[in-house]
Amino acid sequence: MAGSLTRLAPGRTIALASAPATPDNPPGTIDGSVTPQLIPDSTAYQLFFNFFSNRTASERGKLQAYCNKATLASLNLDSILAAAAYYQQLVAPVDAQAQAIRDGNPHATAQDAALVNAQFAHLQAQREALVTAVIAKLPDFVGPDGAVAIRQHIDGRIKPRTKIVPGPNMPMNGIMP
Amino acid sequence: MSRLIKTGTGTRLKDDSWLTMILVQSIAATMFILICQASAFGQMGSLSAYSDSWASDDGTIFSSGVTADSYNSYGHTYWTVTTLTSPSGRNSSATSSQSSGYGAYTRAETSLTGDWDNLDPGDYQTESDHWMCCPYMGGNPFSPTQPSQGCFPSSRTFLTVNKGASVTCLPLHFITLDECIYDKMDPCDVKCPRDRITVARIAIPDTRCLGYAQEIRIWVKDPRTGTVICPGSGLTRFSDTMCFQCQELEVVQ
(Lines give C-alpha, C1' and ligand atoms only; values in the text may rest on other atoms or scores of the structure.)
Protein backbone atom coordinates (compact mmCIF):
# COMPACT_ATOMS: atom_id res chain seq x y z
CA MET A 1 0.00 0.00 0.00
CA ALA A 2 2.99 2.25 0.38
CA GLY A 3 2.53 5.46 -1.49
CA SER A 4 -0.66 4.38 -3.17
CA LEU A 5 -3.85 6.35 -3.40
CA THR A 6 -6.86 4.74 -1.81
CA ARG A 7 -10.44 5.81 -2.17
CA LEU A 8 -11.67 6.60 1.32
CA ALA A 9 -15.04 8.15 0.75
CA PRO A 10 -16.79 9.55 -2.28
CA GLY A 11 -14.79 12.44 -3.60
CA ARG A 12 -11.91 12.11 -1.15
CA THR A 13 -8.70 10.18 -1.27
CA ILE A 14 -5.84 9.82 1.10
CA ALA A 15 -2.29 8.95 0.32
CA LEU A 16 -0.97 6.07 2.30
CA ALA A 17 2.60 6.77 3.25
CA SER A 18 4.96 3.95 4.00
CA ALA A 19 3.10 2.42 6.88
CA PRO A 20 4.84 0.91 9.85
CA ALA A 21 4.41 -2.81 10.12
CA THR A 22 0.91 -3.42 11.36
CA PRO A 23 0.80 -5.76 14.30
CA ASP A 24 -1.39 -8.76 13.57
CA ASN A 25 -2.15 -9.24 17.23
CA PRO A 26 -1.12 -6.33 19.47
CA PRO A 27 -0.48 -7.29 23.11
CA GLY A 28 -3.73 -8.05 24.87
CA THR A 29 -5.58 -9.08 21.72
CA ILE A 30 -8.21 -11.75 22.04
CA ASP A 31 -7.93 -13.85 18.90
CA GLY A 32 -11.18 -15.69 18.23
CA SER A 33 -9.43 -18.22 16.00
CA VAL A 34 -7.55 -19.40 19.09
CA THR A 35 -9.99 -18.69 21.93
CA PRO A 36 -13.44 -18.17 20.43
CA GLN A 37 -14.99 -18.65 23.87
CA LEU A 38 -13.45 -15.33 24.93
CA ILE A 39 -15.37 -13.38 22.30
CA PRO A 40 -18.48 -12.14 24.11
CA ASP A 41 -21.87 -12.99 22.64
CA SER A 42 -22.84 -9.33 22.55
CA THR A 43 -19.77 -8.50 20.43
CA ALA A 44 -20.40 -11.35 17.99
CA TYR A 45 -24.13 -10.69 17.65
CA GLN A 46 -23.53 -6.99 17.07
CA LEU A 47 -21.08 -7.85 14.30
CA PHE A 48 -23.73 -10.14 12.84
CA PHE A 49 -26.53 -7.55 12.98
CA ASN A 50 -24.29 -4.82 11.60
CA PHE A 51 -23.13 -7.11 8.81
CA PHE A 52 -26.70 -7.26 7.48
CA SER A 53 -27.46 -3.59 8.16
CA ASN A 54 -27.51 -0.70 5.73
CA ARG A 55 -27.39 -2.86 2.64
CA THR A 56 -28.68 -1.91 -0.78
CA ALA A 57 -30.90 -4.06 -2.97
CA SER A 58 -27.95 -4.72 -5.27
CA GLU A 59 -26.18 -6.51 -2.43
CA ARG A 60 -28.85 -9.18 -2.01
CA GLY A 61 -27.05 -11.70 -4.20
CA LYS A 62 -23.85 -11.32 -2.24
CA LEU A 63 -25.66 -11.67 1.08
CA GLN A 64 -27.65 -14.65 -0.14
CA ALA A 65 -24.39 -16.31 -1.17
CA TYR A 66 -23.01 -15.59 2.31
CA CYS A 67 -26.04 -17.27 3.89
CA ASN A 68 -25.96 -20.20 1.48
CA LYS A 69 -22.37 -20.96 2.39
CA ALA A 70 -23.09 -20.94 6.09
CA THR A 71 -25.52 -22.46 8.55
CA LEU A 72 -27.94 -19.74 7.47
CA ALA A 73 -28.89 -21.43 4.19
CA SER A 74 -32.35 -22.37 5.43
CA LEU A 75 -33.18 -18.86 6.59
CA ASN A 76 -35.08 -16.28 4.65
CA LEU A 77 -32.74 -13.38 3.94
CA ASP A 78 -35.48 -10.81 4.45
CA SER A 79 -36.09 -12.08 7.98
CA ILE A 80 -32.41 -11.61 8.84
CA LEU A 81 -32.47 -8.12 7.34
CA ALA A 82 -35.56 -7.32 9.41
CA ALA A 83 -33.84 -8.47 12.62
CA ALA A 84 -30.80 -6.34 11.75
CA ALA A 85 -33.03 -3.32 11.13
CA TYR A 86 -34.75 -3.91 14.46
CA TYR A 87 -31.36 -3.93 16.20
CA GLN A 88 -30.43 -0.64 14.54
CA GLN A 89 -33.74 0.86 15.55
CA LEU A 90 -33.23 -0.07 19.20
CA VAL A 91 -29.64 1.12 19.57
CA ALA A 92 -30.08 4.38 17.64
CA PRO A 93 -31.41 6.39 20.63
CA VAL A 94 -28.54 5.20 22.84
CA ASP A 95 -26.02 6.19 20.20
CA ALA A 96 -27.72 9.58 19.90
CA GLN A 97 -27.43 10.11 23.67
CA ALA A 98 -23.76 9.22 23.51
CA GLN A 99 -23.23 11.68 20.70
CA ALA A 100 -24.94 14.38 22.78
CA ILE A 101 -22.56 13.70 25.67
CA ARG A 102 -19.61 13.94 23.34
CA ASP A 103 -20.94 17.12 21.74
CA GLY A 104 -21.29 18.58 25.24
CA ASN A 105 -17.58 18.04 25.85
CA PRO A 106 -16.04 19.09 22.56
CA HIS A 107 -12.68 20.07 23.98
CA ALA A 108 -12.17 17.28 26.48
CA THR A 109 -8.55 16.71 27.29
CA ALA A 110 -7.03 13.36 28.01
CA GLN A 111 -7.51 14.05 31.70
CA ASP A 112 -11.16 14.95 31.18
CA ALA A 113 -11.82 11.86 29.12
CA ALA A 114 -11.95 9.51 32.05
CA LEU A 115 -14.50 11.76 33.75
CA VAL A 116 -16.60 12.05 30.61
CA ASN A 117 -16.36 8.30 30.26
CA ALA A 118 -18.20 7.84 33.51
CA GLN A 119 -21.23 9.31 31.75
CA PHE A 120 -20.93 6.63 29.07
CA ALA A 121 -20.93 3.78 31.56
CA HIS A 122 -24.70 3.61 31.90
CA LEU A 123 -25.11 3.88 28.12
CA GLN A 124 -22.87 0.87 27.63
CA ALA A 125 -24.98 -1.12 30.08
CA GLN A 126 -28.10 0.08 28.28
CA ARG A 127 -26.72 -0.95 24.90
CA GLU A 128 -25.71 -4.37 26.22
CA ALA A 129 -29.25 -4.87 27.53
CA LEU A 130 -30.72 -3.94 24.16
CA VAL A 131 -28.49 -6.42 22.35
CA THR A 132 -29.61 -9.12 24.76
CA ALA A 133 -33.21 -8.15 24.06
CA VAL A 134 -32.75 -8.40 20.29
CA ILE A 135 -31.11 -11.81 20.64
CA ALA A 136 -34.07 -12.97 22.73
CA LYS A 137 -36.46 -11.67 20.09
CA LEU A 138 -34.70 -13.38 17.16
CA PRO A 139 -37.17 -16.31 17.06
CA ASP A 140 -39.91 -13.77 16.28
CA PHE A 141 -38.05 -12.85 13.11
CA VAL A 142 -36.47 -16.09 11.95
CA GLY A 143 -38.34 -18.76 13.92
CA PRO A 144 -36.93 -20.95 16.67
CA ASP A 145 -34.88 -23.07 14.26
CA GLY A 146 -33.57 -19.94 12.59
CA ALA A 147 -32.43 -18.55 15.93
CA VAL A 148 -30.58 -21.80 16.59
CA ALA A 149 -28.98 -21.59 13.14
CA ILE A 150 -27.83 -18.04 13.86
CA ARG A 151 -26.45 -19.17 17.20
CA GLN A 152 -24.44 -21.84 15.38
CA HIS A 153 -23.25 -19.24 12.90
CA ILE A 154 -22.18 -16.96 15.73
CA ASP A 155 -20.22 -19.70 17.48
CA GLY A 156 -18.87 -21.48 14.42
CA ARG A 157 -18.12 -18.63 12.08
CA ILE A 158 -18.32 -15.15 13.58
CA LYS A 159 -16.37 -15.75 16.79
CA PRO A 160 -13.48 -17.66 15.19
CA ARG A 161 -13.04 -14.81 12.69
CA THR A 162 -13.16 -12.01 15.23
CA LYS A 163 -10.41 -10.33 17.19
CA ILE A 164 -10.83 -7.93 20.05
CA VAL A 165 -7.95 -5.50 19.96
CA PRO A 166 -7.19 -3.26 22.96
CA GLY A 167 -7.21 0.46 22.32
CA PRO A 168 -4.13 2.59 22.76
CA ASN A 169 -3.05 3.75 26.19
CA MET A 170 -4.25 7.14 27.27
CA PRO A 171 -1.48 9.71 26.73
CA MET A 172 -0.16 11.51 29.82
CA ASN A 173 -0.44 15.27 29.41
CA GLY A 174 -0.85 14.76 25.70
CA ILE A 175 2.29 12.68 25.48
CA MET A 176 2.08 8.97 24.97
CA PRO A 177 3.52 7.12 27.96
CA MET B 1 -3.01 -1.24 69.84
CA SER B 2 -1.98 -0.33 73.40
CA ARG B 3 1.16 -0.69 75.34
CA LEU B 4 2.52 0.29 78.78
CA ILE B 5 5.21 2.96 78.87
CA LYS B 6 7.16 4.30 81.79
CA THR B 7 7.39 8.05 82.34
CA GLY B 8 8.97 10.15 85.01
CA THR B 9 5.65 10.38 86.77
CA GLY B 10 4.91 6.71 86.61
CA THR B 11 3.51 4.16 84.25
CA ARG B 12 0.58 4.90 81.97
CA LEU B 13 -1.23 3.22 79.16
CA LYS B 14 -0.51 4.76 75.74
CA ASP B 15 -3.10 4.22 72.97
CA ASP B 16 -1.42 4.69 69.56
CA SER B 17 -4.25 3.24 67.47
CA TRP B 18 -4.56 6.65 65.84
CA LEU B 19 -1.14 6.04 64.29
CA THR B 20 -2.38 2.83 62.78
CA MET B 21 -5.45 4.60 61.46
CA ILE B 22 -3.36 7.27 59.80
CA LEU B 23 -1.13 4.63 58.29
CA VAL B 24 -4.09 2.69 56.91
CA GLN B 25 -5.70 5.85 55.59
CA SER B 26 -2.46 6.86 53.90
CA ILE B 27 -2.16 3.51 52.20
CA ALA B 28 -5.79 3.67 51.11
CA ALA B 29 -5.35 7.19 49.74
CA THR B 30 -2.24 6.16 47.85
CA MET B 31 -4.02 3.15 46.39
CA PHE B 32 -6.96 5.34 45.36
CA ILE B 33 -4.68 7.80 43.59
CA LEU B 34 -2.86 4.97 41.85
CA ILE B 35 -6.12 3.38 40.73
CA CYS B 36 -7.41 6.72 39.47
CA GLN B 37 -4.18 7.31 37.62
CA ALA B 38 -4.34 3.87 36.11
CA SER B 39 -7.90 4.52 35.06
CA ALA B 40 -7.25 8.00 33.68
CA PHE B 41 -4.16 6.95 31.77
CA GLY B 42 -5.19 3.40 31.02
CA GLN B 43 -6.32 1.63 27.91
CA MET B 44 -8.83 3.48 25.78
CA GLY B 45 -11.52 0.94 24.98
CA SER B 46 -11.12 -1.78 22.40
CA LEU B 47 -12.13 -2.51 18.84
CA SER B 48 -13.53 -5.59 17.17
CA ALA B 49 -11.95 -6.77 13.95
CA TYR B 50 -13.74 -9.27 11.75
CA SER B 51 -12.86 -10.75 8.38
CA ASP B 52 -14.79 -13.17 6.23
CA SER B 53 -14.68 -14.54 2.73
CA TRP B 54 -17.19 -16.58 0.76
CA ALA B 55 -18.09 -17.57 -2.78
CA SER B 56 -21.18 -17.37 -4.93
CA ASP B 57 -22.21 -20.26 -7.14
CA ASP B 58 -20.57 -18.68 -10.18
CA GLY B 59 -17.20 -18.68 -8.43
CA THR B 60 -17.04 -15.02 -7.48
CA ILE B 61 -15.10 -14.67 -4.23
CA PHE B 62 -16.24 -11.98 -1.81
CA SER B 63 -14.21 -10.61 1.07
CA SER B 64 -15.34 -8.46 3.93
CA GLY B 65 -13.30 -6.67 6.59
CA VAL B 66 -14.95 -5.01 9.55
CA THR B 67 -13.69 -2.65 12.24
CA ALA B 68 -16.18 -1.91 14.97
CA ASP B 69 -16.37 -0.36 18.40
CA SER B 70 -19.79 -0.62 19.95
CA TYR B 71 -18.82 1.54 22.92
CA ASN B 72 -16.69 4.19 21.31
CA SER B 73 -16.66 6.58 24.23
CA TYR B 74 -13.25 8.05 23.32
CA GLY B 75 -14.45 9.27 19.95
CA HIS B 76 -11.98 7.22 17.95
CA THR B 77 -12.37 7.28 14.20
CA TYR B 78 -12.21 3.91 12.45
CA TRP B 79 -11.97 2.61 8.93
CA THR B 80 -11.04 -0.60 7.17
CA VAL B 81 -8.97 -1.46 4.12
CA THR B 82 -9.60 -4.92 2.66
CA THR B 83 -7.61 -6.54 -0.12
CA LEU B 84 -8.42 -9.82 -1.84
CA THR B 85 -5.73 -11.58 -3.88
CA SER B 86 -6.22 -14.60 -6.11
CA PRO B 87 -3.70 -17.41 -6.62
CA SER B 88 -2.70 -15.95 -9.99
CA GLY B 89 -2.10 -12.54 -8.46
CA ARG B 90 -5.31 -10.78 -9.43
CA ASN B 91 -6.30 -8.47 -6.63
CA SER B 92 -9.03 -6.13 -5.60
CA SER B 93 -9.11 -3.65 -2.75
CA ALA B 94 -11.72 -1.58 -0.98
CA THR B 95 -11.62 1.09 1.68
CA SER B 96 -14.59 1.75 3.91
CA SER B 97 -15.89 5.14 4.87
CA GLN B 98 -14.92 6.39 8.32
CA SER B 99 -16.98 6.03 11.45
CA SER B 100 -16.57 7.76 14.80
CA GLY B 101 -20.03 7.32 16.32
CA TYR B 102 -20.61 5.65 19.67
CA GLY B 103 -21.60 2.48 17.84
CA ALA B 104 -18.79 2.81 15.31
CA TYR B 105 -18.89 0.28 12.48
CA THR B 106 -16.98 0.23 9.22
CA ARG B 107 -17.02 -2.43 6.55
CA ALA B 108 -14.87 -2.76 3.43
CA GLU B 109 -15.97 -5.37 0.93
CA THR B 110 -14.41 -6.40 -2.32
CA SER B 111 -14.65 -9.30 -4.76
CA LEU B 112 -12.99 -11.10 -7.64
CA THR B 113 -15.42 -12.31 -10.27
CA GLY B 114 -15.45 -15.91 -11.34
CA ASP B 115 -14.70 -17.05 -14.86
CA TRP B 116 -15.85 -20.53 -15.85
CA ASP B 117 -13.08 -20.82 -18.42
CA ASN B 118 -10.36 -19.53 -16.13
CA LEU B 119 -11.19 -20.76 -12.67
CA ASP B 120 -7.98 -19.50 -11.05
CA PRO B 121 -8.11 -22.23 -8.38
CA GLY B 122 -6.11 -22.17 -5.17
CA ASP B 123 -5.82 -19.96 -2.12
CA TYR B 124 -7.59 -16.60 -2.08
CA GLN B 125 -6.05 -14.35 0.53
CA THR B 126 -8.02 -11.68 2.33
CA GLU B 127 -6.05 -9.09 4.24
CA SER B 128 -7.74 -6.36 6.23
CA ASP B 129 -6.09 -3.44 7.93
CA HIS B 130 -8.14 -2.04 10.79
CA TRP B 131 -7.34 1.65 11.11
CA MET B 132 -8.02 4.00 13.93
CA CYS B 133 -7.42 7.65 14.79
CA CYS B 134 -7.29 8.69 18.43
CA PRO B 135 -8.16 12.34 19.11
CA TYR B 136 -6.23 12.25 22.40
CA MET B 137 -3.09 11.30 20.50
CA GLY B 138 -3.54 14.17 18.08
CA GLY B 139 -5.04 11.95 15.42
CA ASN B 140 -6.58 13.72 12.46
CA PRO B 141 -8.64 11.35 10.32
CA PHE B 142 -8.87 14.03 7.63
CA SER B 143 -5.11 14.18 7.19
CA PRO B 144 -4.37 13.65 3.51
CA THR B 145 -1.52 11.33 4.40
CA GLN B 146 -1.98 8.25 6.51
CA PRO B 147 -0.62 6.98 8.78
CA SER B 148 -0.07 10.19 10.68
CA GLN B 149 0.34 11.10 14.31
CA GLY B 150 -2.45 9.41 16.23
CA CYS B 151 -3.73 7.55 13.15
CA PHE B 152 -2.50 4.05 12.50
CA PRO B 153 -3.52 0.54 11.50
CA SER B 154 -4.13 -0.99 14.90
CA SER B 155 -4.50 -4.55 13.72
CA ARG B 156 -4.38 -6.70 10.65
CA THR B 157 -6.46 -9.79 9.93
CA PHE B 158 -5.75 -12.50 7.38
CA LEU B 159 -8.08 -15.09 5.98
CA THR B 160 -7.58 -17.74 3.33
CA VAL B 161 -10.19 -19.69 1.43
CA ASN B 162 -9.28 -22.35 -1.04
CA LYS B 163 -11.25 -22.42 -4.27
CA GLY B 164 -11.55 -25.38 -6.56
CA ALA B 165 -14.06 -27.05 -8.85
CA SER B 166 -15.52 -30.49 -9.31
CA VAL B 167 -16.22 -31.56 -12.89
CA THR B 168 -18.77 -34.34 -13.13
CA CYS B 169 -19.06 -36.38 -16.29
CA LEU B 170 -22.60 -37.61 -16.92
CA PRO B 171 -23.20 -39.83 -19.96
CA LEU B 172 -26.71 -39.89 -21.40
CA HIS B 173 -28.49 -42.61 -19.49
CA PHE B 174 -31.90 -42.70 -21.07
CA ILE B 175 -34.32 -40.68 -23.13
CA THR B 176 -38.01 -40.18 -22.65
CA LEU B 177 -40.43 -38.39 -24.92
CA ASP B 178 -39.90 -35.19 -22.98
CA GLU B 179 -36.54 -35.45 -21.29
CA CYS B 180 -32.88 -36.34 -21.64
CA ILE B 181 -31.57 -37.93 -18.46
CA TYR B 182 -27.87 -38.01 -17.65
CA ASP B 183 -26.39 -39.98 -14.79
CA LYS B 184 -23.02 -39.52 -13.14
CA MET B 185 -20.40 -41.96 -14.35
CA ASP B 186 -19.02 -44.46 -11.90
CA PRO B 187 -16.51 -44.04 -10.29
CA CYS B 188 -16.66 -40.29 -9.80
CA ASP B 189 -14.67 -39.36 -6.76
CA VAL B 190 -14.92 -35.58 -6.56
CA LYS B 191 -15.78 -33.19 -3.75
CA CYS B 192 -18.99 -31.84 -5.21
CA PRO B 193 -20.43 -34.34 -7.69
CA ARG B 194 -23.75 -34.09 -9.47
CA ASP B 195 -25.69 -37.33 -9.53
CA ARG B 196 -28.23 -36.70 -12.23
CA ILE B 197 -29.16 -34.01 -14.73
CA THR B 198 -32.55 -33.99 -16.37
CA VAL B 199 -33.17 -31.68 -19.32
CA ALA B 200 -36.44 -30.98 -21.05
CA ARG B 201 -36.01 -31.84 -24.71
CA ILE B 202 -37.99 -28.81 -25.68
CA ALA B 203 -35.13 -26.72 -24.30
CA ILE B 204 -32.57 -28.34 -26.61
CA PRO B 205 -31.97 -27.39 -30.26
CA ASP B 206 -33.68 -30.00 -32.48
CA THR B 207 -34.83 -31.65 -29.25
CA ARG B 208 -31.96 -34.08 -29.75
CA CYS B 209 -30.28 -35.42 -26.63
CA LEU B 210 -26.51 -35.02 -26.84
CA GLY B 211 -24.29 -37.83 -25.60
CA TYR B 212 -22.69 -36.24 -22.55
CA ALA B 213 -23.24 -33.63 -19.92
CA GLN B 214 -20.46 -32.05 -17.93
CA GLU B 215 -21.17 -30.03 -14.86
CA ILE B 216 -18.67 -27.74 -13.17
CA ARG B 217 -19.41 -26.94 -9.54
CA ILE B 218 -17.14 -24.44 -7.80
CA TRP B 219 -16.48 -25.14 -4.15
CA VAL B 220 -14.59 -23.34 -1.44
CA LYS B 221 -12.70 -24.91 1.42
CA ASP B 222 -11.83 -23.40 4.75
CA PRO B 223 -8.17 -24.44 5.17
CA ARG B 224 -8.47 -24.04 8.91
CA THR B 225 -11.25 -26.58 9.33
CA GLY B 226 -10.94 -28.44 6.02
CA THR B 227 -14.67 -27.99 5.48
CA VAL B 228 -15.68 -27.96 1.82
CA ILE B 229 -18.80 -26.03 0.93
CA CYS B 230 -20.47 -27.14 -2.29
CA PRO B 231 -22.51 -24.66 -4.32
CA GLY B 232 -26.23 -24.96 -4.93
CA SER B 233 -25.76 -24.98 -8.67
CA GLY B 234 -23.06 -25.10 -11.30
CA LEU B 235 -22.48 -24.68 -15.01
CA THR B 236 -23.67 -27.52 -17.25
CA ARG B 237 -22.41 -28.06 -20.79
CA PHE B 238 -23.74 -30.66 -23.25
CA SER B 239 -21.73 -32.24 -25.99
CA ASP B 240 -21.38 -35.31 -28.16
CA THR B 241 -17.69 -35.29 -27.36
CA MET B 242 -17.01 -38.02 -24.88
CA CYS B 243 -15.94 -37.14 -21.36
CA PHE B 244 -13.89 -39.90 -19.83
CA GLN B 245 -13.84 -39.16 -16.15
CA CYS B 246 -14.78 -36.84 -13.35
CA GLN B 247 -12.08 -34.37 -12.42
CA GLU B 248 -11.12 -32.20 -9.50
CA LEU B 249 -9.68 -28.83 -10.44
CA GLU B 250 -7.72 -27.77 -7.41
CA VAL B 251 -4.35 -26.68 -6.23
CA VAL B 252 -3.08 -29.07 -3.58
CA GLN B 253 -0.69 -27.36 -1.19
Exercise. How large is ³J(HN,Hα) for each residue in region A:91-101, as worked out from phi by the Karplus curve 6.51 cos²θ - 1.76 cosθ + 1.60 (θ = phi - 60°), to whole Hz, x for Gly and Pro?
Worked result: 7, 4, x, 5, 5, 5, 4, 4, 5, 5, 4
Exercise. How crowded by other chains is B:159-166, given as the mean number of beta carbons from other chains within 10 Å of each beta carbon?
Worked result: 0
For this session: Taking a probe of 1.4 Å and counting only protein heavy atoms, give the total accessible area buried between chains B and A in Å², rounded to the nearest 100.
Result: 5500 Å²
Exercise. Given the C-alpha centroids of region B:65-80 and region B:200-252, what is the distance between them in whole angstrom?
Worked result: 44 Å
Seminar exercise, completed: Around B:Leu249 (Cβ within 12 Å, Cβ-to-Cβ, excluding B:Leu249; K/R +1, D/E -1) the net charge comes to -1
Seminar exercise, completed: Karplus ³J(HN,Hα) for region B:218-229 (6.51 cos²θ - 1.76 cosθ + 1.60, θ = phi - 60°; Hz, whole; x = Gly/Pro) runs 8, 10, 10, 10, 7, x, 5, 9, x, 6, 9, 10
Seminar exercise, completed: Descending accessible area (1.4 Å probe), largest on the left, turns A:Leu63, A:Leu81 into A:Leu81, A:Leu63
Seminar exercise, completed: Between B:Trp116 and residues 5 or more places away or on another chain, the pairs with built amide H atoms under 5 Å apart involve none
Exercise. Got a number for the accessible area of A:Ile39? Probe 1.4 Å, square angstrom, nearest 10.
Worked result: 0 Å²
Problem set entry | Sites B:Asp115 and B:Thr227 - FRET efficiency at Förster radius 30 Å, r taken between beta-carbons, to 0.05 | 0.75
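Could you give the length gained on full extension between A:Ala96 and A:Ala121, defined as 0.36 nm per residue of separation minus the Cα-Cα distance, in nm?
Gain on stretching A:Ala96 to A:Ala121: 7.5 nm.
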For this session: Taking all pairs of distinct Cα atoms, average 1/r, flip it, and tell me the Kirkwood hydrodynamic radius of region A:123-169 in Å to one decimal place.
Result: 12.5 Å
For this session: Please report, largest first and rounded to whole Å, the three semi-axes of the ellipsoid equivalent to region B:155-253, where each semi-axis is the square root of five times an eigenvalue of the C-alpha gyration tensor.
Result: 33, 13, 10
Problem set entry | Calculated FRET value between A:Ala82 and B:Ser97, using beta carbons and R₀ = 22 Å, to 0.05 | 0.35
Problem set entry | Charge sum, other residues only, whose C-beta stays under 13 Å from B:Asn72's C-beta, Lys/Arg counted +1 and Asp/Glu -1 | 0
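Holding the Cα-Cα limit at 22 Å, pick out from A:Lys69/B:Lys163; A:Lys69/B:Lys191; A:Lys62/A:Lys137 the pairs that are longer than that.
Values: A:Lys69/B:Lys163 13 Å; A:Lys69/B:Lys191 15 Å; A:Lys62/A:Lys137 26 Å.
Violating the 22 Å Cα-Cα cut-off are A:Lys62/A:Lys137.
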Exercise. What residues have an amide H closer than 5 Å to that of B:Leu47, excluding those fewer than 5 places away on the same chain, when H is modeled at 1.01 Å from N in the peptide plane?
Worked result: A:Val165, A:Gly167
Exercise. What residues have an amide H closer than 5 Å to that of B:Gln146, excluding those fewer than 5 places away on the same chain, when H is modeled at 1.01 Å from N in the peptide plane?
Worked result: A:Ala15, A:Leu16, A:Ala17
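The values are calculated or read from the model by the stated rules, or taken from the named source; none is laboratory data. Keep in mind that what you see is a predicted model, and the values were worked out from it rather than measured. When we count neighbours, we look across all protein chains shown, and the Cβ atoms used for this are built from the backbone with ideal geometry, even at glycine. Accessible surface areas use protein heavy atoms only, side chains included; no ligands, DNA or RNA. Shrake-Rupley method; radii C 1.70, N 1.55, O 1.52, S 1.80 Å.
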